[in-house]
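Take a look at the structure below.
FYI, it's all coordinate maths here, none of it is from the lab. Values in this document were obtained by computation on a predicted structure and should not be read as measured data. All Cβ positions, glycine included, derive from the backbone under ideal geometry; neighbour counts span all protein chains shown.
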Amino acid sequence: MLTVIMECRDQEPELAHTLSTLVSGAVEGLISDVIVLDHASSDGSERVAEAAGCRFHTEWDIRDIIGSARGEWILMMEPGSRPQSGWIADISEYTALSKMPARFAPSRHYRPSFLSRFIRRRPPLEYGLLLTKQEALSVARSSMPLDHFPKSQKTRRLSAELIPSWVLRAAR
């Protein structure tokens with residue numbers, strides 16, 4: 001089982017988009033729970049998260065959040081990112097056979113321009129981070145944001161692709 005954790009701030013449309021993609025993972029029994037960590041949003045992020053059955057926190061300690069996760073694996077991702085077809089089978093197989101952290105593969109259809117790959121600094125969770133709950137707890141420090149987790153991880157690449165959140169932001 002898998003717990004998905006996302007941080008957001010005034011990202012209602014992005015959150016709704018990602019949560020709608022994750023429904024199939026919940027239906028297949030892969031996703032046990034989704035946790036949304038909010039940074040004082042003034043939009044409808046809380047309503048979207050609660051309507052989708054997520055746990056929504058406005059104050060938290062990341063160690064407590066990870067400790068309360070129902071899944072044995074944690075998937076950290078940005079609101080607005082969307083796993084592509086085959087992601088459920090890929091993650092199920094990967095978690096059954098490996099214990100190493102992993103990331104989604106970049107989408108072949110949504111790549112940044114050649115120039116922006118050199119200019120733009122990639123967000124640490126652009127392609128998500130999949131790691132065991134035990135590994136996440138060993139790395140977690142109080143008041144640590146999610147985007148610090150990938151910095152200490154050597155990851156493998158999943159075969160499933162992820163459309164990064166910047167694609168949705170650029171389309172708005």
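Structure notes:
- Cleavage-rule hits (trypsin sites (Lys or Arg not before Pro)) in the range 1-104: DSSP loop, at most 12 neighbouring Cβ within 10 angstrom: 99
- Test item: Cα-centred dipole of the range 2-170, Lys/Arg +1 and Asp/Glu -1 on Cβ, debye: 940
- The chain: proportion of alpha-carbon pairs further apart than 19 angstrom, %: 54
- Simple spin-label estimate for residue 61 and residue 96 gives 3.8 nm between the two label positions (7 Å along the Cα-to-Cβ direction from each Cα).
- Loop-located GluC sites (Glu not before Pro) in the range 51-101 whose Cβ has at most 12 other Cβ within 10 Å (DSSP): 59
- Additional length obtainable on full extension of the chain from residue 72 to residue 134, 0.36 nm per residue less Cα span: 21.5 nm
- The alpha carbon centroids of the range 19-96 and the range 144-167 are separated by 14 Å.
- Among 81, 20, 32: highest mean-square fluctuation, GNM of the chain, C-alpha pairs under 10 Å: 20
- Sites residue 154 and residue 47 - FRET efficiency at Förster radius 35 Å, r taken between beta-carbons, to 0.05: 0.35
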